[in-house]
Each structure stands twice: as C-alpha cells, then as structure tokens.
Amino acid sequence: MTAVLTGETFESFNPATGEVVGTYPVHTAEQVEAAVAKARDAAAWWESLGFAGRAERLAAWRAALAKRMPELGAVITEETGKPAGDAQLELVLAIEHLAWAAKHARKVLGPQRRAPGLLLSNQAATVEYQPLGVVGVIGPWNYPVYTPLGSVSYALAAGNAVVFKPSEFTPGVGKWLVESFAEAVPEHPVLQLVTGLGETGAALTKAGVDKIAFTGSAATGKKVMASAAETLTPVVIEAGGKDPLLVDADADLDAAADATVWGAFSNAGQTCAGVERVYVHEHVYDEFVAKVVTKAEAVDAGTQYGPMTMPAQLDIVRRHIDDALAAGGRALVGGRDAVGDRYVKPTVLVDVSEDCSAVREETFGPTVTIAKVADMDEAVEKANDSAYGLGSTVFSKARGMELARRLRTGQTAINAPLSFAGIASLPFGGSGESGFGRIHGPEGLREFARPKSIARQRFTAPIALTSFARSKKTEAIVGKLIAKLHGKG
Ligand code: NDP
C-alpha cells in the first residue's frame, strides 16, 4: 500500500503486511513557511553556540541514537520492512557520520590562513565557513535515517537549523529523529519536521530556505531544482545511480561474487549506490557467474532482505526483467516469476543487450545484469556509458587504483562493496543524472556553509596600487616586477 491522503492527514503502512502504522499531518505551504520562520530564529541561537557548544549538543543526540538503536530500528523495520540487522547497519553508519561531522566541523570550517601573495604581502588573508542559515532536507525512504542524516548531521554541525521533510513512506522515522533531537537539544527547534506528500516537499523548496538537500529520483530532483531556481536557492541533489562492478582477470572471485550478491540484493536492491551492472573479464567470466548463481540462490527474500518499500517499484522491476528477457537475455536466477506482490526474489540476468532498460535505467530492485568483456578497457568503457555517475566497484589485484580513477563516478570501492559509504571522511555524490554536490566529509560540511574571505591590512604597503595617489613610478615598478615574475612562462 502506498501512503493515502485522508483530508489533512495521510497514513503510512508496513510494506511487509499492508497494515497501517501511523497517521501524520499533511503540512500546507503556510505551515512549512511557519516552520522555516521558526527555524530562522533557532538558527541564530544555534550559530551563537559556536563549534564547541554545537558539538556538545550533537554528542548528546548521538548518545541518544546509540543507546536507543533497537527502538529506532523497530520504527525503520515497521515502515520499510527491512530486517533488524539492516536497520541497525544503517544506524551504525549514520551515528559514525554524525560523530565525524561534529568532531571535524571546527577544523574544516573554522578560520584558515591563506597566503596573500607578494603584491599584497602587507595583508593577512583568512577564510572561514559560516552557516547558511536554514537548510531544507527532503529525504527518501530506502535508508530513512542514514540518507537524510548524511545532510542533516553535516548541516547541523556547520551551524544551520534544518527543516526536514521525510518521504511519505517513512514519516514515523522522521518524527522519531526530530523528537529525539528535541530531547537532546530542548532550547530551540533547531531540527524540525514537516510531513506530507510531494506537495509538502515542493512547498519547502519555495519557503525561503538557504539551501535544499534532496535525495530521491532524478525526475523529482529536476523539479526541485526548477522550483528552487525561482528564488536562486542553491541545491544539492543525490539522485540515484546504475552502479557498475568490474571484475578483472586477477580478482578474488569469491570476494567479487559475494560483493555482487550483497551489493545487488541487500535492502532488496533499494540502494542508490547498489550494484546493478557487472562487467567481467572473459578469462574468469564462467567461474565468476557460477559463483554468483550459487550465492544468489542461497539468499532468502523475506529474511535477508525485506519487501519493496514502494509498491509502484514492483512494476519497474518487472518491466526491466521483461525487457531484458525479450531482448534475448537469460535469467540464471529468478526472472519474471521472481516479482511477487510485495517481495522480489534475487534475479541474475546475463546476455542482456546494453541498450535494455535493465542496463540503462535505475532498477532499484534485487536484480543484477552480468556481461562478459574482452578486457578491462571494454569494462571501463561500458561502465562509463551511462547517464548516471554515482558509485562503482572494482575487483582487481593489480589494477584497482588505475581502474577506479578511470570510472566516471563520484566514488569507487576497490575489492569490497560500498566501503566508501561508511567512511565519514570521504565525500559522497554523483554527476549526470545522479545529481551534483557532495554530502559527507569536509566537502559535505562545506556544502552547508558559505565561505567568508577576510583580508586584514597589517601595515601600509610601500607600493600603493589601489589609490589615486598611485604614481607613474609605482606603475612602472609593478609592471617590471610582474613581467620578471611571470614573463618566463
Ligand atoms: P521521489 O524522488 O519522488 O521522492 C523523494 C523525496 O522527494 C520524497 O520525500 C518525496 O516526497 C519528495 N518529493 C516528491 N515530489 C516532490 C516535489 N515535487 N518537490 C519536492 N519534493 C518532492 O522518489 P520516490 O520515493 O517516488 O522513488 C522513485 C524513484 O526514485 C525510485 O524508483 C528510485 O529509482 C529513486 N530513488 C532514489 C533514491 C536515492 O537514494 N537516490 C531514494 C529513493 C528513490 P513523498 O515521498 O512524500 O512523495
């Protein structure tokens, strides 16, 4: 069941059972604007706390999240259907990111000296990164804590207040997060919740926030950007992917097969940086495919991963499998019958034409295509032939770094699946249809801050350039100096 509008409220469902698990208000544009106005006052207080004051309060929130993981995990499971272990994994990663953001904010964003250059050596140059003010975060349902917190934690650590609109499929998780924050930081509503469907998200893009952080589909990302453009509100867009995994002739095939199966099927494939396409060197193709088939057959939909959280996704997954099979592809595991009413069983597709929807569009389900390549140049070429550019994985003993650098994606994991997502110091984001901008790491902190440059004069310059008192002699000296300094090329 999808969320259903009942007048001024909507209901959220357990996708594993169809049972109603909560009723939430549909916030109107006026209510969203009021939340942003309240956030503006809260932002001033939050900024005034400084890095240390904010770090202390974010540590209190972090401790609450860490202590109450089973409780929040149960809400995640109820609204997404994912197993408790997967809910915990998402929380573990989110907590690590929150800790990193709070700990490193001062170092990354605090005042830094810059070299003033020879001509202006009488100046002291510094840059510091000031908060933007109020950040609007529009979150998805697939990792309803880890993904929005990738923006929320970094925006808060950078000194902003946040208004958070969770997906209509996971409003309960959003509410839990915001209430737990309010217990840790009771003074002002620094993190607020607005709930509703797409219109509430659209209202947030027009409500006068200083930045929108959006995670979801590329199609909605474009709408968000168009709407934000009306007020020149900047956006960071994380819009999914069609992530490739490359297997070189010298790869550890057991590890590569394990990473393929987990990367493709965990969370029912509803992972923006999940493995959707695999390109394998012909020398090891047969052996690798046999290993993937054995491992995929052992994966149990229902215990090792949950249902499709968004029912409409079932039709997309079915269409992609149908297209692949109609174009001569073969399902070695699963296939058309793998798509049930709520769950999709693991599906491994081979011999799929590269122009099929199963290879070109984001499937967001537990399916994977595997293709044979003559060499790793062909693998890189095919991997890069995509409208998306989010993540990628390489299994290779000798050429991991080289192949990783050639892949046109925001991040690449070598010899392990999705490792970049758990390393808080690494920025995360994409290009093309995968969006732009970065969350996580120093880049993620700076995404939610405004660089402020300050040049402070320490003493009067012997050569006055920016004055009507500038003499012809000064001009001649400077001209000669620059020609000498830079004229040699
Ligand atoms: P959407 O992009 O439609 O939704 C993402 C978020 O945007 C939700 O909070 C949604 O609210 C909100 N939203 C919807 N319409 C608007 C709007 N006009 N203005 C502002 N916000 C809006 O994704 P879906 O959840 O419908 O999933 C569709 C596809 O997106 C999936 O099939 C998958 O391919 C991809 N996806 C990618 C994700 C990723 O991690 N990058 C995550 C989730 C989905 P509401 O839910 O209330 O409609």
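Residues that are at pLDDT 95 or above and open to solvent by 80 Å² or more (accessible area, probe 1.4 Å) within segment 79-124 comprise Gln88, Glu96, Lys103, Arg106, Lys107, Pro111, Arg113, Arg114, Ala115, listed in sequence order. Residue count for segment 261-287 under the criterion of being more than 23 Å from Gly391 (Cβ to Cβ) and either assigned to a loop (DSSP other than H, G, I, E, B) or under 26 Å from the mean Cα position of the chain (by Cα) (or both): the result is 2.
Test Ala290 against the stated conditions and say whether it is surrounded by 22 or more Cβ atoms within 10 Å (Cβ to Cβ), assigned to a helix (DSSP H, G or I) and either within 14 Å of the ligand (Cβ to nearest atom) or free of Cβ contacts under 8 Å to residues at least 60 places away in the same chain (or both).
Numbers: surrounded by 22 or more Cβ atoms within 10 Å (Cβ to Cβ): no; assigned to a helix (DSSP H, G or I): yes; either within 14 Å of the ligand (Cβ to nearest atom) or free of Cβ contacts under 8 Å to residues at least 60 places away in the same chain (or both): yes.
Taking the combined requirement at face value, the residue does not satisfy it.
Just for segment 234-266: of the residues that are within 13 Å of the ligand (Cβ to nearest atom) and closer than 23 Å to Tyr154 by Cβ, which one is modelled with the lowest pLDDT? Before the answer, list the steps.
Filtering segment 234-266 down to residues within 13 Å of the ligand (Cβ to nearest atom) leaves 235-243.
With closer than 23 Å to Tyr154 by Cβ added as a condition, the list becomes 235-241, 243.
On the way: Val235: 98, Val236: 98, Ile237: 98, Glu238: 97, Ala239: 96, Gly240: 93, Gly241: 97, Asp243: 98.
That would be Gly240.
Taking the criterion of being within 7 Å of the ligand (Cβ to nearest atom) and of a type in the set (D, E, K, R), the only residue of segment 217-233 that qualifies is Lys223.
The lone criterion from (1) in a helix (DSSP H, G or I); (2) open to solvent by 10 Å² or more (accessible area, probe 1.4 Å); (3) within 13 Å of the ligand (Cβ to nearest atom) left unmet by Gly150 is number (2).
Condition check for Ser121 on (1) within 16 Å of the ligand (Cβ to nearest atom); (2) more than 21 Å from Gln313 (Cα to Cα): one failure, at (1). Taking segment 330-351 as the range and being open to solvent by 10 Å² or more (accessible area, probe 1.4 Å) and farther than 27 Å from Tyr143 by Cβ as the test, the residues that pass are Arg330, Ala331, Leu332, Arg336, Asp337, Asp351. Hey, does segment 395-403 have a residue that's under 17 Å from Tyr279 (Cβ atoms) and within 21 Å of the chain's Cα centre (by Cα)? No, because not a single residue in segment 395-403 is under 17 Å from Tyr279 (Cβ atoms) and within 21 Å of the chain's Cα centre (by Cα). Reported count of residues in segment 201-216, each being open to solvent by 20 Å² or more (accessible area, probe 1.4 Å), farther than 19 Å from Asn160 by Cα and either at pLDDT below 95 or more than 6 Å from the ligand (Cβ to nearest atom) (or both), is 0.
Given (1) loosely packed, with under 15 Cβ neighbours inside 10 Å; (2) of a type in the set (A, V, I, L, M); (3) within 30 Å of Val284 (Cα to Cα), identify the lone condition not met by Val394. Tallying (1) loosely packed, with under 15 Cβ neighbours inside 10 Å; (2) of a type in the set (A, V, I, L, M); (3) within 30 Å of Val284 (Cα to Cα), Val394 fails exactly one: (1). Looking at (1) open to solvent by less than 50 Å² (accessible area, probe 1.4 Å); (2) on the phi < 0 side of the Ramachandran plot; (3) in contact (Cβ under 8 Å) with a residue 40 or more places away in the chain, find the lone condition where Glu187 falls short. If we test Glu187 against (1) open to solvent by less than 50 Å² (accessible area, probe 1.4 Å); (2) on the phi < 0 side of the Ramachandran plot; (3) in contact (Cβ under 8 Å) with a residue 40 or more places away in the chain, just (1) comes out false.
In segment 293-314, what residues are open to solvent by 20 Å² or more (accessible area, probe 1.4 Å), of a type in the set (A, V, I, L, M), part of a loop (DSSP other than H, G, I, E, B) and touching a Phe, Trp or Tyr at 6+ places or on another chain (Cβ under 8 Å)? Steps first, answer last, please.
Of segment 293-314, the ones open to solvent by 20 Å² or more (accessible area, probe 1.4 Å) are 293-295, 297-304, 310-312.
With the extra rule that they be of a type in the set (A, V, I, L, M), the set shrinks to 293, 298-299, 301, 310, 312.
Checking which are part of a loop (DSSP other than H, G, I, E, B) leaves us with 298-299, 310, 312.
Scanning segment 293-314 gives Val299, Met310.
The values are calculated or read from the model by the stated rules, or taken from the named source; none is laboratory data. Only a predicted model underlies this, so the values are computations on that prediction, with no experimental measurement involved. FYI the Cβ positions are ideal-geometry reconstructions off the backbone, even for glycines, and counts take in every protein chain you see. These accessible areas exclude ligands, DNA and RNA; they are computed on the full protein's heavy atoms, side chains included. Shrake-Rupley method; radii C 1.70, N 1.55, O 1.52, S 1.80 Å.
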